[in-house]
Amino acid sequence: MKNEKPRAELVWKQLEDLLVPRLRLSLIERTVYAHLLRHSRLEGKLRLRFSIRWLARNIRLSTGPVREAVRRLVAQGALRLVQRSKAGHVVEVRLPEEIRPEKMNGIESRGSDNEDGAREDGAGAGAAINIEEADFLQNTTLRKAIRARERGQCFYCLRRTSTAVQCLYHVVPLARLGCNSYRNLVSSCIECNSQKGEKLADNFLRRLYREGRLTAAELAARLRALDALASGKLRPPQAP
């Protein structure tokens with residue numbers, strides 16, 4: 001990405017006509033992205049340092065939904081998380097044209113043409129997939145990859161559980177336009193699964209801390225894990 005000012009008129013057309021419908025951005029996510037875009041790329045800056053509180057105050061929303069919107073924008077590739085600390089976030093804001101288009105079925109088939117010119121089906125056991133676009137609820141192998149990443153622990157409360165009481169759960173619920181990406185699926189115990197519901201993940205973790213189910217150090221580590229998950233740093237170890 002070049003560090004130069006783009007044409008604002010063209011960027012806004014791409015935002016309205018391409019990005020919003022393609023990524024199915026909610027009103028909050030669209031507002032967050034537009035505000036960060038305005039204060040970075042449209043001012044000729046590739047990276048932007050900001051705090052969730054600053055962002056929420058500027059767009060007049062509460063911090064919880066704004067934080068979730070930032071996480072989903074990172075997961076969708078609209079933002080690249082460079083650094084997260086107590087001082088705030090450092091992100092690279094991508095222009096609409098720089099964001100990779102989503103595949104309709106979440107799988108990138110890599111089959112080859114046979115001698116008759118027919119495309120071979122890439123859905124077989126040996127087919128390669130694009131991990132960033134794969135639907136991790138699609139088959140047993142991909143679901144096991146998510147469980148293997150958590151190493152038998154609940155992502156939220158860190159309790160060790162058997163596979164019989166483990167659930168795959170969306171960090172950002174489907175009702176909030178969450179997806180089946182490895183960046184949005186975690187293995188959790190049944191108790192956390194039922195208690196979290198559609199609550200924001202960070203708020204649920206703080207509830208576990210208040211209830212004494214997480215220590216202060218564990219809470220801080222889980223919040224960092226949420227950001228690592230959204231930015232693609234927690235890749236399933238056994239994914240094809």
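The values are calculated or read from the model by the stated rules, or taken from the named source; none is laboratory data. The structure displayed is predicted, hence computed values, not measured ones. All Cβ positions, glycine included, derive from the backbone under ideal geometry; neighbour counts span all protein chains shown. Keep in mind that these areas ignore ligands, DNA and RNA; they rest on the heavy atoms of the full protein, side chains included. Shrake-Rupley method; radii C 1.70, N 1.55, O 1.52, S 1.80 Å.
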Query raised in the report: R0 = 35 Å: FRET efficiency of A8 with A220, Cβ-based, nearest 0.05?
Result: 0.35
Query raised in the report: Using θ = phi - 60° and the Karplus form 6.51 cos²θ - 1.76 cosθ + 1.60, what ³J(HN,Hα) does each residue of the range 203-216 get, whole Hz, x for Gly and Pro?
Result: 5, 5, 5, 5, 5, 4, 5, 5, 7, x, 8, 9, 7, 4
**Report entry** Under Karplus coefficients 6.51, -1.76 and 1.60, residue-wise ³J(HN,Hα) of the range 51-61 in Hz, glycine/proline x
**Finding:** 10, 4, 5, 4, 5, 4, 5, 5, 9, 6, 10
**Report entry** Segment E211-I59, extension gain: residue separation times 0.36 nm, minus the distance between their alpha carbons
**Finding:** 51.5 nm
**Report entry** For peptides 211-217, 182-188, 55-61, sequence by mean Cβ density within 10 Å, most packed first
**Finding:** 182-188, 55-61, 211-217
Query raised in the report: Given the pairs K45/K144; K5/K196; K13/K196; K13/K86; K5/K86; K5/K233, which are separated by over 32 angstrom at their Cα positions?
Result: K45/K144; K5/K196; K13/K196; K13/K86
**Report entry** K144 - accessible surface, heavy atoms, 1.4 Å probe, Å² rounded to 10
**Finding:** 120
Query raised in the report: Roughly how much of S62 is accessible, in Å² to the nearest 10, using a 1.4 Å probe?
Result: 70
Requested in this report: Go ahead and run the numbers for FRET between H39 and Q138, Cβ-Cβ distance against an R0 of 45 Å, rounding to 0.05.
Outcome: 0.75
